[in-house]
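Data block below; observations after.
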Amino acid sequence: MTFGEKIKALLQEAELYRGQGLLNEALEKFKSIEKFIQKAPKLKNRDKILSKIAVKKKAISAEIKNFRKPKKAPRVSDKARELMKGMFEAGDPKTKGSAALGGAISLKGFGQYDKAIKEFTTLLAFDPFRLDAAGHILDCLMDDSGPDAAISRFKEWLSDTAFTSGELDKIRSRLQALLDKAGVKKDVSGLQAGPLPEPDSEVDEDDILDINSIRFKLAKGAQKGEEIELDVNYQSGCVLNVIVSKKEKGVIEGIKTGDMMNDIVFYSPVAIFSGTGYVSDMTGIKSGPKKGDYSLSVKIIRILTG
Amino acid sequence: MAVINLKNREIECKIVYYGPGRCGKTTNLEYIHKAFKRQVTGEMISIDTDGDRTLFFDFLPLGLGKIKGCDVKVQLYTVPGQVQYRSTRKLVLKGADAIIFVADSLKVRREKNMISLKDLHGNLKETGISILKIPLVLQFNKRDLASKGFPLMSTDQMNKELNRQLKAPTFEASALSGDGVGATLTKCMKLTLQHLQKEFKWAQ
């Protein structure tokens, strides 16, 4: 085999590796050919071949770099999600014997964070799983949206009555461990319940229909869990104002400025839709005919589409 | 772990295709999907990312019909081969009844085969399963590439390096053309059913 034939064969081999998707092997092969040619100054078309190899090396390196870039897990079909849920056996110690917890852990493992959080949230209502589920929710939020989202969720729980103080201490430790593991320098030991920072609305104001009334479940207070329906007083873009009568004591004590209202239903003359709202204001009316009543402002943050 | 319902005489077992990235695991399933249409009982699910690399797994359900009075169903899965997806591989491996290890015959992939086999060994060990006890078949894939000028390892060398201790049945294959794909799967299913018979005496 002549020197030229040898180079041709090696170039062919490198291209074959590339065609097989073996990028590192192709790159290594091109590098070795380059070295080989550099030792042969009298080779015909030497510079042309070397410049072609340089172009190929650059392209392959870019492909490798792109491939190594961390990517978010794609959202998958319902069928694939069901298969994923079955992959964590109920017998695994981490699942505490619950197929539902196992399924949610599995979804988390596959990066299906939205669905996993939804399933963990359902499990918060079941005593044997609530602490684990809360920990997994924080874990999902850390991975998917970052530490601020996890801290913000913990703050929501602090201002909620869903967890006892003992449980909150355990969840706080779990959050601290997650932050430490992620290298986030933030001490959550002194974190107190407080209003959440007002989130931006994800809804285009022009797309919002006129809303007549809203329905939601009270998350705390004496009437916790009760569904409340209130008429809209006026609407400004994605902010709705509602008057809460002074007689509705359970509603007044169950809503505070800074609360997130999940699963809120909006009634418009032409459609009913659900979404998430944020209580941007809840203050007592101090004068006028509505004196003693409360003015509640709800900012529509998100509309659920399916 | 296989689901065995003796009352309804049903067996459902899980076979996992394992091996390094780009070795041809998905290609095996694609060929089975195409060539064993009568046995395929549902759609093939594939979740791949850029560059045709499997990100999570592929899934293909098969129905083998009645064997010794039992309705036998098999679920075939592949794992993502790239090194960084270890935790996903562990998830997919959970409850596996048998493994088909697809080794890449290309000389340049020698080390990757060994790393992947070691990874399989470690992942099985973590779930309390010995690689020597689970039904296992080795497939030496891409044998056809010799004719295209790729330097391949000899099957002797591959046997010596990957199978000296395992002593698992081996098959030469070319998943792209389908050569050896059916033989590998048939042998693995045979071993799986024999293993389950030993454990659960389902054929009595």
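Those residues that are at positive phi and free of Cβ contacts under 8 Å to residues at least 24 places away in the same chain, I need them from the range A:219-238; list them, please.
Start the filter on the range A:219-238 by keeping residues that are at positive phi, which leaves A:221, A:225, A:237.
Across the range A:219-238, the qualifying residue is only A:GLY225.
Give the number of residues within the range A:261-276 that are touching a strand residue (DSSP E or B) at 6+ places or on another chain (Cβ under 7 Å) and loosely packed, with under 12 Cβ neighbours inside 10 Å. Reasoning before the result, please.
Kept after step one, since they are touching a strand residue (DSSP E or B) at 6+ places or on another chain (Cβ under 7 Å), are these residues of the range A:261-276: A:261-267, A:272-276.
Filter once more, keeping what is loosely packed, with under 12 Cβ neighbours inside 10 Å: A:272.
Number satisfying all stated conditions: 1.
Enumerate the helices (runs of 4 or more DSSP H) found wholly within the range A:1-95, keeping only those where 3 or more residues are of a type in the set (Val, Ile, Thr).
Working: elements: A:3-19, A:23-38, A:46-68, A:78-85.
Helices (runs of 4 or more DSSP H) meeting the threshold: A:46-68.
I need the full set of residues from the range A:253-306 which are of a type in the set (Lys, Arg) and outside any loop (DSSP other than H, G, I, E, B), in order please. Let's see the steps before the verdict.
Just the residues of the range A:253-306 that are of a type in the set (Lys, Arg), to begin with: A:256, A:286, A:290-291, A:299, A:302.
A:LYS299, A:ARG302, listed by residue number.
Do you know which residues across the range A:103-112 are assigned to a helix (DSSP H, G or I) and either crowded, with 22+ Cβ neighbours inside 10 Å or of a type in the set (A, V, I, L, M, F, W, C) (or both)? Explain how you work it out, then say what you get.
Here is the first cut: in the range A:103-112, the residues assigned to a helix (DSSP H, G or I) are A:103-109.
Residues satisfying the conditions are A:GLY103, A:ALA104, A:ILE105, A:SER106, A:LEU107, A:LYS108.
Out of (1) out of contact with any Lys or Arg (no Cβ under 7 Å at 6 or more places or on another chain); (2) in contact (Cβ under 8 Å) with a residue 24 or more places away in the chain; (3) among the aliphatic types (A, V, I, L, M); (4) more than 26 Å from A:LEU10 (Cβ to Cβ), the odd one out for B:ALA183 is which?
All conditions are met except number (2).
Can you tell me which residues in the range B:119-172 are within 14 Å of chain A (Cβ to nearest Cβ) and closer than 20 Å to B:ALA98 by Cβ?
Correct list: B:ASN123, B:GLU126, B:THR127, B:GLY128, B:ILE129, B:ASN141.
Can you name the strands (runs of 3 or more DSSP E) wholly within the range B:1-67 that have at least 3 residues being within 14 Å of chain A (Cβ to nearest Cβ)?
On the way: elements: B:3-5, B:10-18, B:45-48, B:54-67.
Filter on the range B:1-67 gives B:10-18, B:45-48, B:54-67.
Which residues, taken from the range A:41-52, are free of Cβ contacts under 8 Å to residues at least 40 places away in the same chain and not small (Gly, Ala, Ser)? Walk me through how you get there before you give the answer.
If we filter the range A:41-52 for residues that are free of Cβ contacts under 8 Å to residues at least 40 places away in the same chain, which is where we start, we get A:41-42, A:45-48, A:50-52.
Matches in the range A:41-52: A:PRO41, A:LYS42, A:ASN45, A:ARG46, A:ASP47, A:LYS48, A:LEU50, A:LYS52.
I need the full set of residues from the range A:48-77 which are at the interface with another protein chain (Cβ under 8 Å from one of its Cβ atoms) and surrounded by 14 or more Cβ atoms within 10 Å (Cβ to Cβ), in order please. So that I can check it myself, show each step before the final result.
Our first condition is that a residue be at the interface with another protein chain (Cβ under 8 Å from one of its Cβ atoms); within the range A:48-77, this holds for A:63, A:66-67, A:71, A:73-74, A:76-77.
Residues satisfying the conditions are A:GLU63, A:PHE67, A:ALA73, A:PRO74, A:VAL76.
With respect to B:VAL108, determine if the residue is outside any strand (DSSP E or B), more than 16 Å from the chain's Cα centre (by Cα), within 11 Å of chain A (Cβ to nearest Cβ) and of a type in the set (Val, Ile, Thr).
Numbers: outside any strand (DSSP E or B): yes; more than 16 Å from the chain's Cα centre (by Cα): yes; within 11 Å of chain A (Cβ to nearest Cβ): yes; of a type in the set (Val, Ile, Thr): yes.
Yes.
From the list A:GLY250, A:GLY183, A:GLY190, which one is surrounded by fewer than 17 Cβ atoms within 10 Å (Cβ to Cβ) and outside any loop (DSSP other than H, G, I, E, B)? Please lay out each step first, then the result.
Working: A:GLY183 fails: outside any loop (DSSP other than H, G, I, E, B); A:GLY190 fails: outside any loop (DSSP other than H, G, I, E, B).
After ruling out the rest, the residue left standing is A:GLY250.
Those residues that are in contact (Cβ under 8 Å) with a residue 12 or more places away in the chain and farther than 16 Å from B:ILE100 by Cα, I need them from the range B:195-204; list them, please.
At the first step, the residues of the range B:195-204 found to be in contact (Cβ under 8 Å) with a residue 12 or more places away in the chain are B:195-196, B:200, B:202-203.
The answer is B:LEU196, B:PHE200, B:TRP202, B:ALA203.
Since B:SER116 meets every condition but one in (1) in contact (Cβ under 8 Å) with a residue 40 or more places away in the chain; (2) within 13 Å of another protein chain (Cβ to nearest Cβ); (3) not hydrophobic (A, V, I, L, M, F, W, C), which condition does it not meet?
Here B:SER116 clears every test but (2).
Which one of these is in contact with a Lys or Arg (Cβ under 7 Å, 6 or more places away or on another chain) and in a loop (DSSP other than H, G, I, E, B): A:GLU202, A:GLU229?
A:GLU202
Could you please let me know if A:LYS8 is exposed (fewer than 15 other Cβ atoms within 10 Å of the Cβ), away from chain B (no Cβ under 12 Å) and farther than 23 Å from B:GLU111 by Cα? Working first, answer last.
Numbers: exposed (fewer than 15 other Cβ atoms within 10 Å of the Cβ): yes; away from chain B (no Cβ under 12 Å): no; farther than 23 Å from B:GLU111 by Cα: yes.
Against the criterion (exposed (fewer than 15 other Cβ atoms within 10 Å of the Cβ), away from chain B (no Cβ under 12 Å) and farther than 23 Å from B:GLU111 by Cα), A:LYS8 does not qualify.
Here are some conditions: (1) hydrophobic (A, V, I, L, M, F, W, C); (2) without any contact (Cβ under 8 Å) to a residue 24 or more places away in the chain; (3) more than 20 Å from B:LYS201 (Cα to Cα); (4) within 14 Å of chain A (Cβ to nearest Cβ). B:VAL83 meets all but one. Which one does it not meet?
Unmet condition: (2).
Checking A:LYS44 against (1) surrounded by fewer than 17 Cβ atoms within 10 Å (Cβ to Cβ); (2) within 13 Å of chain B (Cβ to nearest Cβ): exactly one of these is not met. Which one?
Going through (1) surrounded by fewer than 17 Cβ atoms within 10 Å (Cβ to Cβ); (2) within 13 Å of chain B (Cβ to nearest Cβ) one by one, A:LYS44 breaks only (2).
Restricting to the range B:87-123, name every residue that is surrounded by 19 or more Cβ atoms within 10 Å (Cβ to Cβ) and of a type in the set (Val, Ile, Thr).
Result: B:THR88, B:VAL92, B:ILE99, B:ILE100, B:VAL102, B:VAL108.
Anything in the range B:86-104 that is within 12 Å of chain A (Cβ to nearest Cβ) and either touching a residue at least 60 places away in the same chain (Cβ under 8 Å) or part of a helix (DSSP H, G or I) (or both)? List them, or say none. Explain how you work it out, then say what you get.
Of all residues in the range B:86-104, those within 12 Å of chain A (Cβ to nearest Cβ) come to B:86-96, B:104.
Matches in the range B:86-104: B:ARG86, B:SER87, B:THR88, B:ARG89, B:LYS90, B:LEU91, B:VAL92, B:LEU93, B:GLY95, B:ALA96, B:ASP104.
Which of the residues spanning the range A:121-177 are within 19 Å of A:SER106 (Cβ to Cβ) and not in a helix (DSSP H, G or I)?
Result: A:LEU124, A:PHE126, A:PRO128, A:PHE129.
Enumerate the pairs (first residue in the range B:136-152 and assigned to a helix (DSSP H, G or I) and modelled with pLDDT of 95 or more; second residue anywhere and surrounded by 24 or more Cβ atoms within 10 Å (Cβ to Cβ) and not hydroxyl-bearing (Ser, Thr, Tyr)) with beta-carbon separation below 7 Å, excluding pairs fewer than 6 apart on the same chain, so at least 6 apart or on different chains.
Once the first residue is assigned to a helix (DSSP H, G or I) and modelled with pLDDT of 95 or more and sits in the range B:136-152, its partners that are surrounded by 24 or more Cβ atoms within 10 Å (Cβ to Cβ) and not hydroxyl-bearing (Ser, Thr, Tyr) give B:ARG143/B:ALA173.
The values are calculated or read from the model by the stated rules, or taken from the named source; none is laboratory data. On a predicted model such as this, the values are computed, not experimentally measured, just so you know. Methodologically, a virtual Cβ is constructed for each residue, glycine included, from the backbone with ideal geometry; neighbour enumeration extends over all protein chains shown.
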